[in-house]
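Read through the structure below, which is laid out as structure tokens, and then see the notes.
The values are calculated or read from the model by the stated rules, or taken from the named source; none is laboratory data. Being a predicted model, the structure only gives us computed values, none of them experimental. Cβ: placed from backbone, ideal geometry, glycine included. Neighbour counts: every protein chain shown. The protein model used for the area step is the full one, side chains on, heavy atoms only, and it has no ligands, DNA or RNA in it. Shrake-Rupley method; radii C 1.70, N 1.55, O 1.52, S 1.80 Å.
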Number of protein chains: 2
Amino acid sequence: MKIALLSIGNELLSGNTINSNAAWIANELTTIGCEIENQITVQDKEESIVSGLDFCLLLKPTYLIITGGLGPTDDDITMAVLLKFLKIESEFDSDYWDQLKKRFNRSGLSITDSNKNQALKPKFGSIIPNPKGSARGLKLITKETTIIALPGVPLEMKSMINEFVKPQIIKLIKTRIYSKTLRTTGIPESSLFDMIKNQDEQNSNSIGYYPSAYGVDIRISNNRKEKLNNFADHLYKILGDNIYGEDKIRIEEVIVKTAIDKKKTIAVAESCTGGLIGNRITNVANSSIVFKGSAVTYSNQSKVDILGIEKICLKEFGAVSKQTAKQMAENVKKLFGTTYGISVTGISGPGGGTKDKPIGLTYIGLAKLNETSVSRFVFGQDREINKLRTSQAALNMLRKTLINE
Amino acid sequence: MKIALLSIGNELLSGNTINSNAAWIANELTTIGCEIENQITVQDKEESIVSGLDFCLLLKPTYLIITGGLGPTDDDITMAVLLKFLKIESEFDSDYWDQLKKRFNRSGLSITDSNKNQALKPKFGSIIPNPKGSARGLKLITKETTIIALPGVPLEMKSMINEFVKPQIIKLIKTRIYSKTLRTTGIPESSLFDMIKNQDEQNSNSIGYYPSAYGVDIRISNNRKEKLNNFADHLYKILGDNIYGEDKIRIEEVIVKTAIDKKKTIAVAESCTGGLIGNRITNVANSSIVFKGSAVTYSNQSKVDILGIEKICLKEFGAVSKQTAKQMAENVKKLFGTTYGISVTGISGPGGGTKDKPIGLTYIGLAKLNETSVSRFVFGQDREINKLRTSQAALNMLRKTLINE
């Protein structure tokens with residue numbers, strides 16, 4: 001099914017707001033088998049909106065989804081322009097106006113006349129309820145295209161797509177497409193590609209690779225669910241525990257869940273990441289059950305004072321060394337009394353690199369009951385990306401240990 | 001000057017990639033006085049690109065800026081389609097091919113025939129050099145519109161816009177628009193608006209408010225630089241140190257720079273933020289000069305063991321209390337031997353809230369030589385946003401102290 005997207009709003013064309021709504025809708029609808037023909041962003045002026053409508057409808061998409069310009073202020077003209085364009089009259093919906101008044105009262109807000117345009121409804125066509133706000137959506141049917149107009153507030157738009165728009169579209173899709181994303185980390189894209197290519201001749205899935213600082217996501221799509229699952233199962237056999245989860249799950253969520261299930265606790269000694277690993281773990285609700293804390297020892301002195309790293313170790317091998325990473329992991333585990341101690345020490349850049357110890361050099365340690373392992377990595381030149389990749393590699397070492405125990 | 005933007009690439013229409021390029025270009029060009037007429041995203045198919053070109057050129061923009069589809073692979077067809085559309089022939093640029101071969105050799109990579117299309121150039125029109133990659137840009141002039149085509153890789157596109165495209169456009173702009181963003185934090189948008197409204201009658205600047213979890217940015221634009229500066233000076237008088245910087249500077253950059261200048265050092269005791277504050281500070285290069293580390297004490301036991309918080313204080317007042325925040329700030333300052341100790345303790349949610357201590361309740365402490373202050377905040381319901389707002393409020397307390405000493 002072909003879909004066109006029309007985004008309305010000056011803030012999108014001044015660059016003050018990134019159009020993440022369009023990407024979100026595209027992702028939701030592509031996943032169920034739609035094809036997004038094109039996406040247009042126009043200013044909130046009548047002639048701009050009309051030119052966008054003309055262009056989108058020319059391609060005869062089954063659905064045209066419009067976002068933005070349904071609020072209560074002067075520049076919210078989407079409904080008026082759309083109804084004029086389609087020659088549909090509007091009428092005042094006094095039932096909804098009463099509801100709105102009650103809702104404002106409950107929140108202790110006073111309703112103004114400028115909210116009245118939110119109580120308009122088309123004489124032909126239907127209203128899409130907004131469970132999270134006051135701007136309702138519209139569904140207007142033309143000869144070839146169903147036009148859906150939704151508010152641009154992400155939270156409201158998303159709930160209206162999920163509750164009202166997606167269910168309608170799914171019913172109409174002739175060949176439903178199923179898809180699944182397997183999230184991997186630790187294997188470069190080119191190696192993954194070499195491991196996977198020519199492995200799927202019998203299922204003819206469509207396969208996409210999406211690399212980022214967190215790893216490579218592999219997205220598989222097929223109109224036959226069992227063929228998709230066959231190949232996903234096959235990938236689990238080839239890639240094993242390099243797959244950390246499916247779809248939108250984050251590695252820190254896998255860790256918190258697994259550690260809770262297995263009753264394990266975690267402490268971190270961070271140098272180059274400065275607190276990022278603890279920050280990521282504590283983004284997960286209930287992480288306090290398993291995460292006891294971090295010692296962010298950014299200076300050598302604090303490594304000695306707080307973590308008890310031997311001065312001679314720092315002097316002989318340096319703060320960025322296998323030996324220091326090992327002591328940091330072991331000592332932070334002891335300090336917090338946890339099952340595991342993870343440590344990271346590295347040179348994030350842009351300064352501090354030498355010939356022997358280049359920017360990007362990082363050691364990650366993991367201490368468990370009777371054993372400590374340290375891995376060496378060389379990441380890139382960019383400070384923030386090095387920190388992200390370090391945190392991901394450390395969380396991945398912890399995840400692999402957790403799931404195998 | 002009117003500008004149209006055309007983005008080419010299936011990954012943008014499947015929602016796998018958010019079109020941040022378009023927002024970046026829009027922001028750069030709006031800032032110097034351009035108006036973005038519209039922005040279209042099309043698939044990398046010939047007929048889609050042609051329909052996008054038709055639509056954009058119909059509005060006769062002075063510039064049409066195209067991104068994407070100039071790489072070496074099969075789906076990179078932008079140049080071929082564009083030249084066909086404008087009826088311009090291409091020729092092989094053997095000088096550039098020699099350069100490319102040398103560049104690949106130096107990086108230890110082997111060049112393949114698929115790179116040959118990157119050495120094509122138009123017979124009429126000019127080439128835009130790519131300082132960061134191998135895909136060069138194009139500049140093609142039609143009767144009403146100058147068409148610029150650039151690669152979609154953000155790093156490459158940005159350097160080409162900054163070095164080659166923006167300087168050309170600035171020369172052509174008749175009424176150059178100047179703009180400045182004043183970044184504030186700690187005052188709600190509505191209060192800011194009340195403080196500022198009716199203050200700028202003589203300069204007639206255009207003023208925009210952009211709220212986020214980090215605070216509210218105020219963007220002022222004017223075609224007369226002195227009027228812009230007059231009003232900016234006036235805002236500094238009204239808002240004082242609630243403005244933490246201009247344009248794209250981050251509060252953590254202000255802190256690191258000021259602390260280096262004033263030879264002050266920093267340590268942090270983090271509970272609910274889990275390491276976020278240290279992470280943000282250490283995103284800044286050279287932060288190691290002033291940031292000594294954090295104690296991320298997520299459990300009560302670690303607050304006692306590492307920070308020496310009195311058990312009776314935790315028992316009597318709780319971990320989320322003024323008293324605990326005070327001890328955390330003072331003790332982390334002592335532990336790391338720094339000029340300042342900052343502490344945060346709060347209830348991020350989604351669990352853990354009570355009637356007396358609701359989700360979002362947060363105490364932030366700041367210990368300096370002979371004095372410790374603690375502030376109380378109540379943020380919202382969302383865990384990650386609460387963490388962000390807490391980190392911003394803590395960094396802001398630190399910044400205000402730093403600049404006033």
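Report yes if B:E144 is surrounded by fewer than 16 Cβ atoms within 10 Å (Cβ to Cβ), out of contact with any Asp or Glu (no Cβ under 7 Å at 6 or more places or on another chain) and acidic (D, E), otherwise no. Here the answer is yes, as B:E144 does meet what is asked. Check whether at least one residue in region A:11-20 is in a loop (DSSP other than H, G, I, E, B) and over 22 Å from B:E11 (Cβ atoms), and report yes or no. Looking for residues that are in a loop (DSSP other than H, G, I, E, B) and over 22 Å from B:E11 (Cβ atoms), one finds at least one in region A:11-20, hence yes. If the condition is being open to solvent by 10 Å² or more (accessible area, probe 1.4 Å) and facing another protein chain (nearest Cβ under 7 Å), then region A:262-283 contributes A:L276, A:N279, A:N283.
As a summary of the residue check, A:E201 satisfies the conditions (1) out of contact with any strand residue (DSSP E or B) (no Cβ under 8 Å at 6 or more places or on another chain); (2) over 21 Å from A:N27 (Cβ atoms); (3) open to solvent by 40 Å² or more (accessible area, probe 1.4 Å); (4) part of a helix (DSSP H, G or I) except for the one numbered (4). Annotation note: of B:F193, B:F231, the sole residue that is open to solvent by 80 Å² or more (accessible area, probe 1.4 Å), touching a strand residue (DSSP E or B) at 6+ places or on another chain (Cβ under 8 Å) and in a helix (DSSP H, G or I) is B:F193. Considering region B:315-356, and only residues there that are of a type in the set (K, R) and within 34 Å of the chain's Cα centre (by Cα), the residue that is farthest from A:Y298 (Cα to Cα) turns out to be B:K322. Just one of the listed residues (A:L59, A:L86, A:L100, A:L29) is touching an Asp or Glu at 6+ places or on another chain (Cβ under 7 Å), of a type outside the set (S, T, N, Q) and not assigned by TED's automatic domain parsing to the domain that holds A:R224, namely A:L59. Screening A:L155 against (1) more than 20 Å from A:E35 (Cα to Cα); (2) part of a helix (DSSP H, G or I); (3) open to solvent by less than 30 Å² (accessible area, probe 1.4 Å) leaves a single unmet condition, (3). The number of residues in region B:349-399 being in contact (Cβ under 8 Å) with a residue 40 or more places away in the chain, touching a Leu at 6+ places or on another chain (Cβ under 9 Å) and open to solvent by 30 Å² or more (accessible area, probe 1.4 Å) comes to 5. The set of residues from region A:253-292 being assigned to a helix (DSSP H, G or I) and in contact with a strand residue (DSSP E or B) (Cβ under 8 Å, 6 or more places away or on another chain) comprises A:E253, A:V254, A:I255, A:V256, A:A259, A:L276, A:I277, A:G278, A:I281, A:T282.
Within the option set A:E11, A:E28, A:E37, being among the acidic types (D, E), touching a Pro at 6+ places or on another chain (Cβ under 6 Å) and within 12 Å of chain B (Cβ to nearest Cβ) holds for one residue only, A:E37.
When A:R224 is tested against (1) among the charged types (D, E, K, R); (2) more than 10 Å from chain B (Cβ to nearest Cβ); (3) under 21 Å from the mean Cα position of the chain (by Cα), just one condition goes unmet, and that condition is (3). Checked against (1) at pLDDT 90 or above; (2) more than 30 Å from A:I196 (Cβ to Cβ); (3) open to solvent by less than 60 Å² (accessible area, probe 1.4 Å), A:F92 passes all but a single condition, namely (3).
Scanning region B:40-49 for residues that are within 17 Å of B:I148 (Cβ to Cβ) and more than 10 Å from every other protein chain (Cβ to nearest Cβ) turns up just one, B:I49.
Looking across A:I66, A:I40, A:I49, one residue alone is hydrophobic (A, V, I, L, M, F, W, C) and out of contact with any Leu (no Cβ under 7 Å at 6 or more places or on another chain). It is A:I49.
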